[in-house]
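Asks: Here it is, the structure, as structure tokens.
The values are calculated or read from the model by the stated rules, or taken from the named source; none is laboratory data. Not measured: the values here are computed from a predicted model. Quick reminder, even Gly has a Cβ in these numbers, built from the backbone with ideal geometry, and neighbours come from all protein chains shown. Side chains are part of the model used for accessible areas, which takes the heavy atoms of the whole protein and leaves out ligands, DNA and RNA. Shrake-Rupley method; radii C 1.70, N 1.55, O 1.52, S 1.80 Å.
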Amino acid sequence: STNLITYSEDFSDSSWTKSSLSVTSGFVSPDGSLNASTITEDSTLNNHRIWAGSATGSGTHTISVFGKANDRNWLLIRNDGNNAWFDILNGVVGTVQSGVGSIENYGNGWYKCSITMSSLSSPAIGIADNNGSYSYQGNGTGSIYIWGAQAEEQSYPTSYIPTTGAIATRLAD
């Protein structure tokens, strides 16, 4: 499988477009390293997300990211105009507008959130204030932890493939 997201851990990189949030790095990730980030919403009435505009493709794709609750407990994955919400405090898939969502407990409060859809178009990761909420009034402090973003041409999520500036391919799981 190939991870089509070029910076899977460095969300402060310019390849990630930021919308109404800030990124802070240096938190403990599921692999025990200090390479996870927080994304913190600003105080505007808006969507609070980051997206990888260069990741596109036709055919079935799966988008995954690891999330951990902080001041907020809803993580949003958006792709091709469709949203999926994940409760990363309780390990529950919320509303999925299109495709199939899944969540897997990785311990220490971390969950791998995934959505499989029929195409890939500028996948985004965001914060939500509740299930089904896309645009909301931020409070300036609401945040979640994220790590390990992946977009792959698969009908299911595979094991994480780290990237640091270019797409990366791994042999089958």
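Asks: Quick check: residue separation of Asn82 and Ser118 times 0.36 nm, minus the Cα distance between them. What number comes out in nm?
Replies: 11.9 nm
Asks: Could I ask something else about it? Once the whole set of protein chains is in place, how much accessible area is left on Tyr156, using a 1.4 Å probe, in Å² to the nearest 10?
Replies: Accessible area, nearest 10 Å²: 120 Å².
Asks: Convert 20 °C to kelvin, take the viscosity as 1.002 mPa s, use the Kirkwood radius over C-alpha pairs of the chain as Rh, and evaluate the Stokes-Einstein diffusion coefficient in µm²/s, rounded to a whole number.
Replies: Here the translational diffusion coefficient equals 139 µm²/s.
Asks: Kindly report, to the nearest 10 Å², the accessible surface of Phe27 as traced by a 1.4 Å probe over protein heavy atoms only.
Replies: 70 Å²
Asks: Something else now. Hey, with R₀ at 30 Å, roughly what FRET efficiency would Asn105 and Lys18 work out to, going by the Cβ-Cβ distance, to 0.05?
Replies: It comes to 0.60.
Asks: Mind checking the full-extension length gain between Leu45 and Thr169? Use 0.36 nm per residue of separation minus the Cα-Cα distance, one decimal, nm.
Replies: My answer for the length gained is 40.8 nm.
Asks: Run the numbers on the chain and let me know its relative contact order in percent, using alpha-carbon pairs under 8 Å that are six or more apart.
Replies: 35 percent
Asks: Still on this model: Heads up, I need the accessible area for Asp71: 1.4 angstrom probe, whole protein in place, Å², nearest 10.
Replies: Surface open to solvent at Asp71 totals about 100 Å².
Asks: How would Val65, Val96 line up by accessible area, probe 1.4 Å, largest first?
Replies: Ranking Val65, Val96 by accessible area, largest first, yields Val96, Val65.
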